[in-house]
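Q: First the structure, then my questions, so here it is.
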Amino acid sequence: MSFRWSRAAAIAQKEMYHVLRDRFTLTLALGLPVFMVFTFGFAIEFNVKNVPLAVHDADKTQTSRRVIDTFGSSGYFLVDPVVSPAAAQQAIDGDRSRAALVIPGGFQKDLLSGGVAKAQLLLDGSDNSTVGPILGYVASIEAIASRRIADFDPPKPIEIHTRFLFNPELNSRWFVIPGLAVAVLAILAVLLTALTVAREWENGSMELLLSTPAEPLEIIVGKLAPYAVLGLVGLAFVYVISRTVFALPFRGSHVLFVLGGILFLATYLALGLLISVLTRRQQIAMQLAMMAGMIPAFLLSGFIFPIASMPAFFRYLTMVLPARWFMTIARDSYLKGSTLVEMGTAFLALGVLCVIIIAIAARKFKKDLEP
Amino acid sequence: MRTLRAFLRKEFKQALRDPRMRILLFITPMIQLTLFGLALSTDIKNVDLWAQPDSNDYLLRRIYDRSVESQWFRSASGDHNADPFELVRSGKADAALVSPPGGLSRAVARGAGDLQLLVNSMNVLEAQAVEQYVRNISNAVIEDDLHIKRPEFPISFEVRVLYNPTLETAFFMVPGVMCMLLSITTIILTGMSLTREKEVGTFEMLISAPVSATEVILGKTIPYLVLGIVQIPLVLAVAVFGFGVPMRGSFAVLLVASVAFVCTTVAIGTLISTIASNQQQSTMGGFLFLFPAILLSGLMFPIENMPAPMMWASYVDPLTHYLALLRNIMLKGGEGSFVVKHVLILIGMAVLLILASFRRFRTTLQ
């Protein structure tokens, strides 16, 4: 027997009814991308502001007040006066403040006598999301306070002018939302497929399907088609919301973006299928889908954590992760406007991984079916 | 009580019958923690930097060489006449130094040393770090090569980073990953185990069996509660012995917080299972809860920065409180009033959620 589209289409139709009948899953599958783009879009801001700063001023002079003012008016800190240096440290211990400024007595006197007025700044090292940015701000506040209060403006032999390319305002949304296209596809494709097919095995209906005249390959194509459609609809949702609600630019080619999406989707559907063949139980399929599909897509794809900063072993490991390559394609399409040639490596790698994973999944599926 | 014990025995057997499940439940959290503790870093490194090679421009070369010597940058390929913008666009370089016409050394001699830095800012965090690195390196070059002493600001801050003075990334990441792994396994697995009964039709059997609704729900959820609690010392051992994350507070307090937290997540899993009718639905429902819960917990993104409605949402997120407790107890030694407050909040949430899930479960049983 040979592959026939009509039979695959019949199975796809049956599967489509299945999905459409299950309102709950359908709502979740379509609601998830929308929900994720909105929460990520509104919640994420890397440019830290409103850091609670506990301040103890033992000097109580014009100078010390102006220093505190400089912190307050920078927009980065919310000043919260405390009664003693110990209370400042306690504020950090109790997570009420992320930083503390302790100005010793004699601060103004030190400055007026031509020396250096030193204040202590304590930072909370337990929270990675704030400590890095605050360290960056401190240097500039030091310079601003010295210029404003002591009229000190040292010459700078080398002045660095930074031009931020592709995201000039350092907008956190521009950084995060294109990556969500990858995350959303990863969840929908790998999880839904792995679970649906594992379910067929769990309740024995896979045997039933196999006893029909349909070929294994037809069954695969038929079963996966509706999920491919769901994935593409999810991708479309991400695109539309990103462009309308969050006004992201899209500088590249839509054709390439969609092509990358389809390649990635096909790879992840095959991965989901492979997982379901290997496990045949939904609870285990879910755990594996998470390990092999979703967690890498979130954490090892360069979504938030840059790949270049990882240790060498992980840098090479990410090369076999389809999510990494689609991440490149999605970001470059949105922000850089790269051409096919410029994204050649990513497309080539994604294509090769796609073929390999589909081949393994199809082989494993066929082999398991033969008596 | 006897019925419950028998029920529990059956449930434990069922959950752990599959050897693959045993591996997944106990070994994967440790593997994942190890992987992510090693791989993920907020410390930016290996940024590909390009500068136009010019043998006459001593200062530019010094800045470039020192950049590459530091582990922060690597030298990017790109020929002599390359257009720096194109290099960054094509991805051959992440950042490029462009000296003023005639070279940086001459410009500095003229008193106008403007050095342009082009940075690919698609990754906001990376772009900010790169700018900071180049500033620091250029300051060092001014001091060492131009022999101009770094100006001492008349007003200066002595900065001390408490609890993690060397800014070890593992100290930051490990408590967060612990919190994430624990909530994922307990919520999703509890939900799936309960809906599985519905799916294969054994739920009706449970109803007709001579066990009360309370026994059913306790019997079904306690195993996952125990599995979650057993994971805590395992994961903690990897954190402390594998990554050297300090454990400055009391283990008993941490355990109390963890039990309260696992109670909330198991109750959430139960609630989801009462809405879902099959395992696929309950998994999707679980993730629909988990994504925002992880996002709003302060694990990767500061809560202080979120708009007000999101901030309120993060206060009712059990992950926020558990993560805050983990960080506070492990790194800071656990400040009394803070720990009490957040443990009480977690216990309160656990009680509310358990009551709600009992009620919902009873109605679905009838």
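The values are calculated or read from the model by the stated rules, or taken from the named source; none is laboratory data. Please read all numbers here as calculations on a predicted model, not as lab measurements. As a convention, Cβ positions derive from the backbone with ideal geometry for all residues, glycine included, and neighbour counts pool all protein chains shown. Keep in mind that these areas ignore ligands, DNA and RNA; they rest on the heavy atoms of the full protein, side chains included. Shrake-Rupley method; radii C 1.70, N 1.55, O 1.52, S 1.80 Å.
Q: Among B:211, B:216, B:235, B:230, which is the only one that is surrounded by fewer than 16 Cβ atoms within 10 Å (Cβ to Cβ) and modelled with pLDDT under 90?
A: B:230
Q: Looking only at the range A:268-307, count every residue that is in contact with a helix residue (DSSP H, G or I) (Cβ under 7 Å, 6 or more places away or on another chain) and over 30 Å from residue B:197 (Cβ atoms) and tell me the total.
A: Total satisfying the criteria: 12.
Q: Would you be able to say whether some residue in the range B:106-119 is under 24 Å from residue A:123 (Cα atoms), more than 7 Å from chain A (Cβ to nearest Cβ) and part of a helix (DSSP H, G or I)?
A: No, because not a single residue in the range B:106-119 is under 24 Å from residue A:123 (Cα atoms), more than 7 Å from chain A (Cβ to nearest Cβ) and part of a helix (DSSP H, G or I).
Q: Give the number of residues within the range A:36-56 that are in a helix (DSSP H, G or I), within 7 Å of another protein chain (Cβ to nearest Cβ) and open to solvent by 30 Å² or more (accessible area, probe 1.4 Å).
A: Count: 1.
Q: Take the residues in the range B:25-63 that are more than 7 Å from chain A (Cβ to nearest Cβ) and among the β-branched types (Val, Ile, Thr); name whichever of them is least open to solvent (accessible area, probe 1.4 Å).
A: B:63
Q: For the range A:135-171, which positions are open to solvent by 30 Å² or more (accessible area, probe 1.4 Å), within 7 Å of another protein chain (Cβ to nearest Cβ) and of a type in the set (D, E, K, R)?
A: Within the range A:135-171, A:159, A:163 qualify.
Q: Further question: Which one is nearest to the chain's Cα centre (by Cα) among residues in the range A:296-335 that are facing another protein chain (nearest Cβ under 7 Å) and in a helix (DSSP H, G or I)?
A: The extreme case among them is A:299.
Q: Next question, about the same structure. Quickly run through the range A:68-100 and pick out the residues that are within 30 Å of residue B:322 (Cβ to Cβ) and in a strand (DSSP E or B).
A: Once the filter is applied, which keeps residues that are within 30 Å of residue B:322 (Cβ to Cβ) and in a strand (DSSP E or B), the range A:68-100 yields A:77, A:78, A:79, A:80, A:99, A:100.
Q: Any chance you could count how many residues in the range A:273-291 are more than 21 Å from the chain's Cα centre (by Cα) and assigned to a helix (DSSP H, G or I)?
A: Total satisfying the criteria: 11.
Q: Just to be sure before I move on: is residue B:197 assigned to a helix (DSSP H, G or I) and exposed (fewer than 15 other Cβ atoms within 10 Å of the Cβ) in the structure I sent?
A: Criteria not met by residue B:197.
Q: Condition check: out of contact with any strand residue (DSSP E or B) (no Cβ under 8 Å at 6 or more places or on another chain) and within 13 Å of chain A (Cβ to nearest Cβ). Does residue B:20 satisfy that?
A: Yes, satisfied.
Q: Go through A:130, A:196, A:212 for me and flag whichever is over 19 Å from residue A:11 (Cβ atoms), at pLDDT below 85 and among the polar types (S, T, N, Q).
A: Selected residue: A:130, the only one of A:130, A:196, A:212 that is over 19 Å from residue A:11 (Cβ atoms), at pLDDT below 85 and among the polar types (S, T, N, Q).
Q: What tally of residues in the range B:259-297 results from selecting those that are facing chain A (nearest Cβ under 7 Å), farther than 18 Å from residue A:25 by Cα and part of a loop (DSSP other than H, G, I, E, B)?
A: Of the residues in the range B:259-297, 1 are facing chain A (nearest Cβ under 7 Å), farther than 18 Å from residue A:25 by Cα and part of a loop (DSSP other than H, G, I, E, B).
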